[in-house]
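Take a look at the structure below.
Bear in mind these aren't lab numbers, they're just calculated from the coordinates by the rules spelled out. Bear in mind that the values here come from a model prediction, so they are computed numbers and not experimental data. Note that we place each Cβ from the backbone using ideal geometry, even for glycine, and neighbour counts take in every protein chain shown.
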Protein chains: 2
Amino acid sequence: MDMAPLHCNDCPIRHRAVCARCEGDELERLEEIKYYRSFEAGQTVIWAGDRMDFVGSVVTGIATLTQTLEDGRTQMVGLLLPSDFVGRPGRMTAAYNVTATTDILMCCFRKKPFEEVMYKTPHIAQRLLQMTLDELDAAREWMLLLGRKTAREKIASLLSIVARRDASIKMLEATGQMAFDLPLTREAMADYLGLTLETVSRQISALKRDGVIRLEGKRHVTVPDMDRLLLEAGDDSDGGFLA
Amino acid sequence: MDMAPLHCNDCPIRHRAVCARCEGDELERLEEIKYYRSFEAGQTVIWAGDRMDFVGSVVTGIATLTQTLEDGRTQMVGLLLPSDFVGRPGRMTAAYNVTATTDILMCCFRKKPFEEVMYKTPHIAQRLLQMTLDELDAAREWMLLLGRKTAREKIASLLSIVARRDASIKMLEATGQMAFDLPLTREAMADYLGLTLETVSRQISALKRDGVIRLEGKRHVTVPDMDRLLLEAGDDSDGGFLA
DNA sequence: AACAGCATTTGACTCATATCAAGAAAGCTC
DNA sequence: GAGCTTTCTTGATATGAGTCAAATGCTGTT
């Protein structure tokens with residue numbers, strides 16, 4: 001399990017999270033009220049509808065936001081990566097299920113104190129607005145995928161998102177040959193893309209057969225030609241929604 | 001064409017729009033820089049990718065936000081109703097096509113002055129954050145619809161959203177028998193729901209045949225039993241995303 | 001009233017993805 | 001490393017929604 005950073009200055013998400021614009025005593029105030037929580041892969045962080053008296057940021061690991069219909073059909077509505085924010089100031093209950101996909105570490109604040117600090121610190125509200133607008137853009141790109149893309153395009157889109165994110169973490173350019181690990185099971189991918197797990201598996205096999213990707217094991221993917229993958233994703237222009 | 005309100009105090013969206021929390025001289029500052037623009041039904045307000053040097057609120061009428069793939073497939077990603085905000089502070093170009101569905105009146109601000117006022121006026125940023133979070137929730141509800149609902153459920157969901165919105169405008173309860181006009185063509189409904197126009201037409205006919213709705217003309221809908229419609233929409237609990 | 005131009009409905013047929021059902025591969029546990 | 005369990009792949013088949021095509025109904029025009 002990850003060790004919690006002792007001080008915000010050492011925090012890996014210091015410059016991307018909700019605290020990014022805070023300095024000096026602004027940061028100090030957050031520092032005072034923060035606490036860390038960790039969850040193991042597979043664990044549920046919170047259930048939709050449950051009372052939620054904290055908010056927080058993902059520091060390390062990956063979590064998902066999902067919604068379900070009565071009969072069990074489920075749709076992922078958000079993928080939470082390091083620096084992403086969970087919870088909504090001013091709301092009592094969780095709107096979605098939050099589940100840890102890998103082991104995760106979260107930097108949390110009790111909701112009440114956080115809201116108080118936020119109202120005194122415009123930099124926090126400004127950053128949160130910016131992050132929320134980015135998430136809204138991502139959600140809309142995702143709506144296009146869900147509503148109009150074919151299964152093959154959906155898979156190619158997801159792979160290119162993961163490839164790009166991985167490149168940005170490693171500070172590499174997202175072109176030419178790329179290799180990365182899939183952080184999601186086939187089922188999670190299906191829930192993300194609005195497909196069944198069988199269709200996901202078949203389309204991955206098809207992309208492999210057509211030489212668009214190579215697989216080592218189930219999870220490690222090599223993309224020999226990123227441009228080819230982007231073409232398969234069907235986006236015009238760059239089309240990527242993950243920063 | 002609508003007449004522009006002369007003063008914010010007479011504005012029909014005064015208490016729901018981005019200016020909702022402003023009072024006194026805060027409102028005065030916005031008043032000074034606002035201007036009105038109107039667009040006719042069918043007109044494009046702005047194209048994705050174009051330079052956008054204003055932001056604004058829909059005062060009356062309905063507009064849509066759409067995204068398209070190169071080959072012309074299009075997906076609606078937002079439905080703009082009175083009080084909804086268009087544009088993003090801090091961004092140069094429009095991310096989506098904005099099209100007037102009915103004649104609309106917009107209350108606009110040039111981007112630069114608006115941003116300046118916003119940074120001096122926390123009430124504006126706070127309200128915009130709240131509105132953006134609401135939109136994000138709506139987008140996620142919509143993702144569940146796009147990814148996991150059947151065509152019939154999608155149509156029923158759309159009808160119940162429109163019914164609820166109509167009730168909220170007329171200050172009625174959304175139960176029992178309801179009647180309203182569809183503000184969208186079959187094609188716009190298809191773009192909203194990720195379906196083809198033919199499927200939309202067929203499912204509306206099916207709901208009519210099954211007595212879930214009645215039609216007078218193409219656009220006027222009567223719902224004899226709202227609970228029945230909600231059941232057809234397949235949401236658990238209330239499931240509605242439009243306030 | 002006749003016509004043009006849309007929006008909508010309906011029909012016949014196709015096809016992509018879901019469903020149902022085995023099996024194979026990969027990870028864990030003891 | 002044998003025996004689980006879980007994840008993933010693949011096959012056969014069904015089905016919901018798409019596609020292509022035609023007919024119907026509305027609206028506005030002259």
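Put a point 7 Å out from Cα along the line to Cβ at residue A:175; what are the distances to that point in the other copies, in nm, shortest first?
Shortest to longest, the spacings are 6.3 nm.
Could you tell me the center-to-center distance, by alpha carbons, between segment A:65-117 and segment B:140-199 in angstrom?
Comparing the Cα centres of segment A:65-117 and segment B:140-199, I get a distance of 27 Å.
Per residue, how big is the convex hull around the C-alpha atoms of segment B:115-243? Give it to me in cubic angstrom, could you?
Numbers: hull volume 16.8 nm³, N = 129.
Spelled out: Cα convex hull of segment B:115-243, divided by residues, is 130 Å³.
What are the distances, in nm and sorted shortest first, from the label point of residue B:115 to the label points of the same position in each other copy, with each label point placed 7 Å from Cα along the Cα-to-Cβ direction?
Relative to the other copies, residue B:115 has label-point distances of 3.1 nm.
Take residue A:168 and residue B:167, extend 7 Å from each Cα along the Cα→Cβ direction, and tell me the distance between the two endpoints in nm.
So the two model labels end up 4.1 nm from each other.
Please list 3J(HN,Hα) in residue order for segment B:211-220, calculated via the Karplus relation 6.51 cos²θ - 1.76 cosθ + 1.60 where θ = phi - 60°; whole Hz, with x for glycine and proline.
x, 6, 9, 10, 10, 10, x, 8, 10, 8
Hey, got the average number of other protein chain Cβ atoms within 10 angstrom for residues in A:128-139?
Working: counts 4, 11, 5, 1, 8, 10, 1, 5, 11, 6, 2, 9.
If you average over the peptide's residues, the count of other-chain Cβ atoms is 6.
What is the projected area of the convex hull of the Cα atoms of segment B:1-110, averaged over all directions, in nm²? It would help to have the intermediate numbers written out before the result.
Values: hull surface 27.7 nm².
Here the figure is 6.9 nm², rounded to one decimal.
With respect to the cross-link table entries B:170/B:208; A:111/B:111; B:149/B:218; B:34/B:120; A:112/B:111, which display a Cα-Cα separation exceeding 27 Å?
On the way: B:170/B:208 25 Å; A:111/B:111 33 Å; B:149/B:218 24 Å; B:34/B:120 16 Å; A:112/B:111 33 Å.
Pairs exceeding the cut-off: A:111/B:111; A:112/B:111.
log10 I(q)/I(0), Debye, Cα-only chain B, no solvent, q = 0.15 Å⁻¹?
Values returned for q = 0.15 Å⁻¹ are -1.09.
Using a Gaussian network for chain B with springs between C-alpha atoms less than 10 Å apart, which of these wobbles most: B:131, B:171, B:226?
The residue with the greatest mean-square fluctuation here is B:171.
Quick check: pseudo-label points 7 Å beyond the Cα along Cα→Cβ at residue A:208 and residue B:198, how many nm apart are they?
3.6
Using R₀ = 35 Å, calculate the FRET efficiency as 1/(1 + (r/R₀)^6) where r is the Cβ-Cβ separation of residue A:225 and residue B:151; round to 0.05. Please list the in-between numbers first.
Details: r = 37 Å, r/R0 = 1.06.
Computed FRET efficiency for residue A:225 and residue B:151: 0.40.
Longest span of chain A, sites excluded, free of GluC sites (Glu not before Pro) in DSSP loop with at most 13 other C-beta atoms within 10 Å? Display every interim value, and only then the final one.
Details: sites that count: A:23, A:40, A:70, A:173.
Within chain A, the longest run free of exposed GluC sites (Glu not before Pro) spans A:71-172.
Quote the convex hull volume per residue of the protein assembly as shown, based on C-alpha atoms, as a whole number of Å³. Write down the numbers at each step before the final one.
Details: hull volume 74.9 nm³, N = 486.
Normalising the Cα hull of the protein assembly as shown by residue number yields 154 Å³.
Enumerate the residues in segment B:137-162 having an amide nitrogen under 11 Å from the point lying 7 Å beyond the Cα of residue A:70 toward its Cβ.
In segment B:137-162, the label zone of residue A:70 (backbone N under 11 Å from the point 7 Å along Cα→Cβ) covers no residue.
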